[in-house]
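The values are calculated or read from the model by the stated rules, or taken from the named source; none is laboratory data. Fair warning: this is a prediction, and the values are worked out from it, not measured in the lab. Note that each Cβ is placed from the backbone with ideal geometry, even for glycine, and that neighbours are counted across all protein chains shown.
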Amino acid sequence: MSTKCCLSRELPVEEYLIEEEPYYVPVGNEVEIFTAAYKNLLPINLKGPTGSGKTRFMEYMAYRLKRPLITVACHEDLTATDLVGRFLIKGDSVEWNDGPLTKAVKNGAICYLDEVVEARKDTIVVIHPLTDDRRMIPIDKLGLILRAPDEFMLAISYNPGYQSAVKDLKQSTRQRFVSIEFDYPPARLEKHIVAHESGVDEKMAGDLVEIGQRIRNFKHHGLEEGVSTRLLIYAGKLIHEGISPREACRIAMARPITDNPDLQKSIDEIIYAIL
Ligand code: ADP
C-alpha cells in the first residue's frame, strides 16, 4: 500500500497510486457518499476517533477512484509553505519544490490532511480557496494561482474527541466540508476485521472485540477515548505470534489507553473475565 506523507514530496505522482485493492469493510453507505461527493467536487471531512478506519477508507476510495492519494499527517509545526511548496538551494541554483497540496492539485490527486486541527492556523487558510467554487490554490512565492482539475479532491480528518477550545475547527472551515462520521465498526464486522488483519481465528477475534466493547463502556468513567480497532488488531497480532492472550491484551489495550493504575486494573479485570 503506498500512502506517502509530505516528507516524500520528491516522489513522482504515480508513486501515490494504490495498485492493490486495500481491504476495507464498509460499515454503512460511506462508499456511496464519498463517491457522490467526489463526482460533485465536494470536499470531505472524515470525523471520528483514532484507529476507526478513516485512513484505510481513504486508501480504499483512492483505489476505487483510481486517483493518487497524497496523505499529510498534520502537526503543530506544519505551515502553509510546507503544504504549498518552497524554493530550495540546489548547488548554485535555487529550485522550486511543490508541496504535497500543490502536487495533488497539479496532478488531480486526492489530498488527505490527517488530523487537520493540529496544523497551524495559516495552513487552514490556504485550503479555503480550494474548498469553494474557486477550487484554486494561490502560490504567492511564484505569483501564480493554480486551478484544481475536476479529479482533485481535498479530504481532511478530524477527531472530535480530542478537541479543546483552543484547538477546534472554526465554523468557517467546517462548513466547507461534507462530513462522514466514523466510529468503531459494529461487533459482527469488527470481528471479521480483527481476524483478517491480525491472523487470529474468529473465536479469538470475537473475544478481543468483546473486551474492546466493554472497555469502551468505561469512556464515561474517566477514559478519554475507547480502545480502537487498531489496538484490537495489535493485540491479535501479538497473540498470533505466540504471546499469551492475557499479556497481549494488557500491553496492546490496557497500557496504551491509560496511565491511571486504577483504570488499568479495571481493564485487566475485564480481560481476565473473558480470556
Ligand atoms: P484512523 O485513520 O481512523 O486512525 P485506520 O484507518 O488507520 O484508522 O484504522 C486502523 C486499522 O483498523 C486499519 O489499519 C485497519 O487494519 C483496521 N480497520 C478499521 N476499520 C476498518 C474497516 N472498516 N475495514 C477494514 N479495516 C479496518
Number of the exception - LEU11 against (1) hydrophobic (A, V, I, L, M, F, W, C); (2) outside any helix (DSSP H, G or I); (3) buried (at least 21 other Cβ atoms within 10 Å of the Cβ):
(3)
If you go through PRO245, PRO186, PRO149, PRO160, the only one that is surrounded by fewer than 21 Cβ atoms within 10 Å (Cβ to Cβ), modelled with pLDDT of 95 or more and within 13 Å of the ligand (Cβ to nearest atom) is PRO186
Given the structure, is TYR38 in a loop (DSSP other than H, G, I, E, B) and among the aromatic types (Phe, Trp, Tyr)?
no
Among the listed residues VAL94, VAL25, identify the single one that is exposed (fewer than 15 other Cβ atoms within 10 Å of the Cβ), part of a loop (DSSP other than H, G, I, E, B) and in contact with a Leu (Cβ under 8 Å, 6 or more places away or on another chain).
VAL25
Would you confirm, using the coordinates I've provided, whether ASP207 is crowded, with 16+ Cβ neighbours inside 10 Å and not aromatic (Phe, Trp, Tyr)?
yes
Flag if THR102 is within 12 Å of the ligand (Cβ to nearest atom), of a type in the set (S, T, N, Q), farther than 27 Å from ARG216 by Cα and touching a strand residue (DSSP E or B) at 6+ places or on another chain (Cβ under 6 Å):
no
Hey, could you check region 39-48 for residues that are within 16 Å of the ligand (Cβ to nearest atom) and not polar (S, T, N, Q) and say which is nearest to MET136 (Cα to Cα)?
ILE44
Just wondering, is there one or more residues in region 71-91 that are within 12 Å of the ligand (Cβ to nearest atom) and either free of Cβ contacts under 8 Å to residues at least 40 places away in the same chain or assigned to a loop (DSSP other than H, G, I, E, B) (or both)?
no
Looking at (1) more than 16 Å from the ligand (Cβ to nearest atom); (2) assigned to a helix (DSSP H, G or I); (3) closer than 18 Å to SER52 by Cα, find the lone condition where ASP262 falls short.
(3)
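I'd like the residue in region 23-38 that is within 14 Å of the ligand (Cβ to nearest atom) and touching a Pro at 6+ places or on another chain (Cβ under 9 Å) and, out of all such residues, is nearest to THR131 (Cα to Cα).
So the residue we want is VAL27.
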Given (1) in a loop (DSSP other than H, G, I, E, B); (2) farther than 23 Å from ALA36 by Cα, where does ILE124 come up short, assuming only one miss?
(1)
Assuming GLY51 fulfils every condition listed in (1) in contact with a helix residue (DSSP H, G or I) (Cβ under 6 Å, 6 or more places away or on another chain); (2) outside any helix (DSSP H, G or I); (3) away from the ligand (no atom under 12 Å from the Cβ) apart from one, which condition is it?
(3)
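Can you confirm whether region 84-107 contains a residue that is among the acidic types (Asp, Glu), over 26 Å from HIS192 (Cβ atoms), under 20 Å from the mean Cα position of the chain (by Cα) and at pLDDT below 95?
Within region 84-107, the first condition is being among the acidic types (Asp, Glu), and the residues that meet it are 92, 95, 98.
The next check asks that each one be over 26 Å from HIS192 (Cβ atoms); those that pass are 92, 95, 98.
Filter once more, so that each one left must be under 20 Å from the mean Cα position of the chain (by Cα): none.
No, because not a single residue in region 84-107 is among the acidic types (Asp, Glu), over 26 Å from HIS192 (Cβ atoms), under 20 Å from the mean Cα position of the chain (by Cα) and at pLDDT below 95.
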Of all residues in region 205-226 being modelled with pLDDT under 95 and touching a Pro at 6+ places or on another chain (Cβ under 8 Å), the one that is nearest to ILE193 (Cα to Cα)
GLY226
In region 120-134, residue surrounded by the most Cβ atoms within 10 Å (Cβ to Cβ) [restricted to those that are touching a residue at least 40 places away in the same chain (Cβ under 8 Å) and either polar (S, T, N, Q) or more than 23 Å from LYS54 (Cβ to Cβ) (or both)]
THR123
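Considering only region 54-70, how many residues are within 16 Å of the ligand (Cβ to nearest atom) and not in a helix (DSSP H, G or I)? Break it down stepwise before answering.
In the first step, residues of region 54-70 are kept if they are within 16 Å of the ligand (Cβ to nearest atom); the result is 54-64, 69-70.
Next cut, not in a helix (DSSP H, G or I) only: 69-70.
Residues meeting the conditions: 2.
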All conditions in (1) within 16 Å of the ligand (Cβ to nearest atom); (2) closer than 15 Å to PRO49 by Cα are true of LEU223 except (1)
